[in-house]
Amino acid sequence: MSKPVTIIMIEDDEGHARLIERNIRRSGVNNEIIPFTNGTDAVNYLFGKDSTGLDHRGEALLILLDLNLPDMTGIDILKRVKENEFLKCAPVVVLTTTDDAQEIKRCYELGCNVYITKPVNYESFANAIRQLGLFFSVIQVPQAST
């Protein structure tokens, strides 16, 4: 039996984080969401005490990643996750205000699964997150390598 997917949300803007979680819930997704407001804490959680990622072996993780963090770039986190033998299969959804074509291309080259530019308008943002939640409810997420 597969374990439920845990959503790792790495978002430094608390207003955006609340909006994201509320609208994911509104779309019917009740999975655990573990929020991080900076890259350092998120990386420490993802890679664990020994920095290998082994702590999450056998877990199904989905990572929601903002690129603009106060202490490191989301690009650095994406790169580390996709290079890690235990975490590389975890889907990474980049959810950011950056709509630069080069940045988008770079994220896909590094292995992001979905790139979403946050709409500026509140209602459009809320609607985009509800649609993302519906997407989460139907996708299959592999467990981390064992």
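Here are the numbers for this structure:
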{"item": "Residue list for the range 107-120, filter: under 19 Å from residue 13 (Cβ atoms) and in a loop (DSSP other than H, G, I, E, B)", "result": "118, 119, 120"}
{"item": "Qualifying residue in the range 29-40 (condition: more than 15 Å from the chain's Cα centre (by Cα) and open to solvent by 20 Å² or more (accessible area, probe 1.4 Å))", "result": "yes"}
{"item": "Which listed residue is under 15 Å from residue 36 (Cβ atoms) and crowded, with 16+ Cβ neighbours inside 10 Å, from 65, 132", "result": "65"}
{"item": "Restricting the range 99-122 to residues that are open to solvent by less than 80 Å² (accessible area, probe 1.4 Å) and β-branched (Val, Ile, Thr), the residue that is farthest from residue 80 (Cα to Cα)", "result": "117"}
{"item": "Per-region count, the range 122-145, residues without any contact (Cβ under 8 Å) to a residue 40 or more places away in the chain and of a type in the set (Val, Ile, Thr)", "result": "1"}
{"item": "Residue 127, sole failed condition from (1) more than 15 Å from residue 8 (Cα to Cα); (2) at pLDDT 95 or above", "result": "(2)"}
{"item": "Any hit, the range 87-96, residues being more than 13 Å from the chain's Cα centre (by Cα), surrounded by 14 or more Cβ atoms within 10 Å (Cβ to Cβ) and not aromatic (Phe, Trp, Tyr)", "result": "no"}
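The values are calculated or read from the model by the stated rules, or taken from the named source; none is laboratory data. The shown structure was predicted, so the numbers you read here are calculated from the model rather than taken from an experiment. Cβ sites come from the backbone with ideal geometry, for glycine too, and all protein chains shown count toward neighbours. Keep in mind that these areas ignore ligands, DNA and RNA; they rest on the heavy atoms of the full protein, side chains included. Shrake-Rupley method; radii C 1.70, N 1.55, O 1.52, S 1.80 Å.
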